[in-house]
Amino acid sequence: MNIQSAPDRIIIFDTTLRDGEQCPGATLNVDEKLRIARQLARLGVDVIEAGFAYASPGDFEAVQKIAEAVGTEAGPVICSLARAIQADIQAAAEALKPAAKARIHTFISTSDIHLQYQLRKSREEVLAIAEEMVSYAKSFVDDVEFSPMDAARSDPEYLYQVLERVIAVGAKTVNIPDTVGYMMPSEFGALIRGIKENVPNIDQAVISVHGHNDLGVATANFLEAVKNGARQLECTINGIGERAGNTALEELVMALHVRRQYFNPFLGRPADSEAPLTQINTRELYKTSRMVSNLTGMLVQPNKAIVGANAFAHESGIHQDGVLKNKLTYEIMDAQSIGLTDNQIVLGKHSGRNAFRTRLKELGYDLSEQELNKAFVRFKELADKKKEVSDWDLEAIVSDEIRQAPELFHLERVQVSCGDNATPTATVTVRTPQGEELTDAAIGTGPVDAVYEAINRVVNVPNELIEFSVQSVTAGIDAIGEVTIRLRHNEQIYSGHAANTDIIVASAQAYIHALNRLYAALHKQAQPAIAEQTVAAEV
Ligand code: KIV
Ligand code: ZN
């Protein structure tokens with residue numbers, strides 16, 4: 001079914017891999033993007049914005065691979081972003097070729113402030129470009145989406161004009177971005193209502209919304225937009241994205257799910273209808289959130305709505321007492337509905353390879369033989385130390401094993417000595433990209449600092465450590481510790497992540513992983529792609 005012909009449900013457009021990936025340090029490689037795309041398809045999103053094909057060869061490849069592997073007839077629409085420029089649109093069309101259902105999403109700014117200072121073009125010029133480039137995109141695919149960037153700060157009368165013109169030449173979705181996260185919910189709702197009332201041909205297109213969370217009201221803005229006629233929501237997992245992030249998918253989906261009786265009438269349904277408002281399989285939400293957090297290194301704050309570690313925890317005595325007597329006293333949704341309690345303890349020391357592979361498949365990890373071998377070795381090591389290996393542990397070791405590309409420096413050994421009466425001292429042995437084994441030692445303010453100093457002496461890539469965090473995957477003294485770090489070099493941020501029952505080892509590995517990303521980027525920068533240079537100069 002054509003998703004645009006379902007006006008009484010909400011289309012979920014996921015932009016984790018495009019706008020989400022744009023945030024500092026969240027950069028994913030092609031393989032990681034593919035894994036996330038597969039999980040997004042399992043989650044049931046309608047559209048995956050897989051990237052910005054023209055931006056770099058890596059982005060092009062990611063869009064193409066996702067189109068090939070996930071863009072099946074039964075799967076989601078695969079979309080690529082493109083500026084309203086012929087070369088961008090051509091690259092998007094080319095990368096999207098393997099997709100059964102392809103969409104080109106083209107955009108140009110419409111606010112006077114962007115026209116005057118960024119584009120240096122008149123309103124008439126932008127109107128003509130928008131019309132011409134939507135027609136051009138239509139020459140490649142039928143499904144074209146148009147975004148007037150900074151729509152929220154554009155003159156509404158001009159916005160209506162632009163929308164009417166792009167719909168007339170075939171835009172099937174018109175997306176209204178609050179690019180700078182400026183709007184308040186009632187204003188955003190009024191903007192959508194104004195579009196519905198003043199764009200004569202609006203019934204020929206789906207109204208979509210896109211927003212950033214600078215003032216913390218992105219979800220509220222979208223829900224108000226739904227009440228006023230928006231039928232597509234552009235969002236990201238865990239709300240990752242530029243600055244304060246994009247609107248969070250899990251918040252929107254669960255608000256529409258838990259309060260569907262409130263929203264039903266706005267979609268022309270009877271108030272008591274139980275039919276879901278989105279096609280999302282909510283039980284996949286938690287798993288998707290974990291995967292995105294692990295792969296991007298963007299941690300989820302504990303009190304984050306829906307997917308934060310505390311979102312379903314009841315600490316105070318009064319709350320615990322109430323929940324024990326009847327869950328409804330303090331719970332508006334069931335942890336099961338987001339897949340939180342689906343993770344059962346399933347494997348142990350005696351579990352074989354087959355059980356391991358099967359459980360990983362159920363968890364959404366389809367590993368190559370080589371990856372499976374590596375992960376299985378890690379699993380056995382862990383099962384020796386830990387009686388019960390939970391799904392959270394499995395996820396931690398698998399994502400740890402598979403996300404570490406490229407491996408340039410390799411940590412061979414790490415040893416620390418510390419204590420209340422000792423100077424923390426670390427010795428590390430690292431294999432360099434050239435295959436040399438180097439050993440060095442250093443002292444530090446604590447054991448992790450000593451390890452990082454010792455690694456720095458070997459690797460010798462200057463950087464500033466800006467974030468270090470350790471989280472335990474499960475409860476208990478034998479739990480795996482997950483370390484996430486972010487470091488900065490020349491204004492760029494690189495993240496590293498590792499999991500181990502020994503948090504000093506995990507810290508050392510996380511650091512090496514971030515350094516590998518930094519080192520790879522430095523070497524890539526030596527020969528920048530033409531497309532990357534052009535986009536940086538023009539956007
Ligand atoms: O925030 C924004 O305006 C965007 C557009 C490209 C849709 O991301
Ligand atoms: Zn955006």
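No value in this document is a laboratory result; all are computed from the given coordinates. This structure is a prediction, so every number in the text was calculated from the model and none was measured. So basically every Cβ, Gly included, is an ideal-geometry build from the backbone, and we count neighbours across all protein chains shown.
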request  = Wrap a convex hull around the Cα atoms of the range 255-299, take a quarter of its surface area, and give that in square nanometres.
outcome  = 3.9
task = Convert each backbone phi in the range 150-163 into a coupling constant with the Karplus relation 6.51 cos²θ - 1.76 cosθ + 1.60 (shift: θ = phi - 60°), then list the ³J(HN,Hα) values in order as whole Hz, x for Gly and Pro.
result = 6, 3, 4, 10, 8, 5, x, 4, 5, 4, 4, 4, 4, 4
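Hey, can you rank 121-134, 144-157 by average C-beta count inside 10 Å, highest first?
Listed from highest to lowest mean packing, they are 144-157, 121-134.
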ask   = Each residue of the range 260-271 in turn: what ³J(HN,Hα) in whole Hz from Karplus with 6.51, -1.76, 1.60 and θ = phi - 60°, glycine and Pro shown as x?
value = 5, 5, 5, 7, 3, x, 5, 9, x, 9, x, 4
ask   = What is the gain in length, in nm to one decimal, between ASP142 and GLN116 on full extension, counting 0.36 nm per residue of separation less the C-alpha to C-alpha distance?
value = 6.1 nm
ask   = Once the dipole of the chain is set up with Lys and Arg at +1 and Asp and Glu at -1 on Cβ about the Cα centre, which of ALA220, ILE480, GLN64 lies farthest towards its positive end?
value = ILE480
message = Testing the spin-label approximation: label points 7 Å from Cα along Cα→Cβ at ASP502 and ALA190. State their distance in nm.
response = 6.3
query = Quick one: LYS325, LYS380, fewest Cβ neighbours within 10 Å first, how do they rank?
reply = LYS325, LYS380
Within the range 410-526: Cβ-based charge dipole about Cα centre, in debye rounded to nearest 20 (Lys, Arg +1; Asp, Glu -1) = 360
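Relative to the present Cα-Cα distance, how much length would full extension add between LEU465 and ALA309 at 0.36 nm per residue of separation?
Once the chain is fully extended between LEU465 and ALA309, it gains 53.7 nm.
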remark   = Plugging the Cβ-Cβ distance of SER417 and VAL377 into 1/(1 + (r/R0)^6) at R0 = 25 Å yields, to the nearest 0.05, a FRET efficiency of 0.35
query = Roughly speaking, what % of Cα-Cα pairs in the range 343-402 are separated by over 16 Å, rounded to a whole number?
reply = 30
key: Part-to-part distance (alpha-carbon centres) for the range 185-212 and the range 69-133, which is given in Å   = 19
request  = Rounded to whole Hz and in sequence order, give me ³J(HN,Hα) for the range 115-121 from the Karplus expression 6.51 cos²θ - 1.76 cosθ + 1.60, θ = phi - 60°, writing x for Gly and Pro.
outcome  = 4, 6, 9, 9, 7, 6, 9
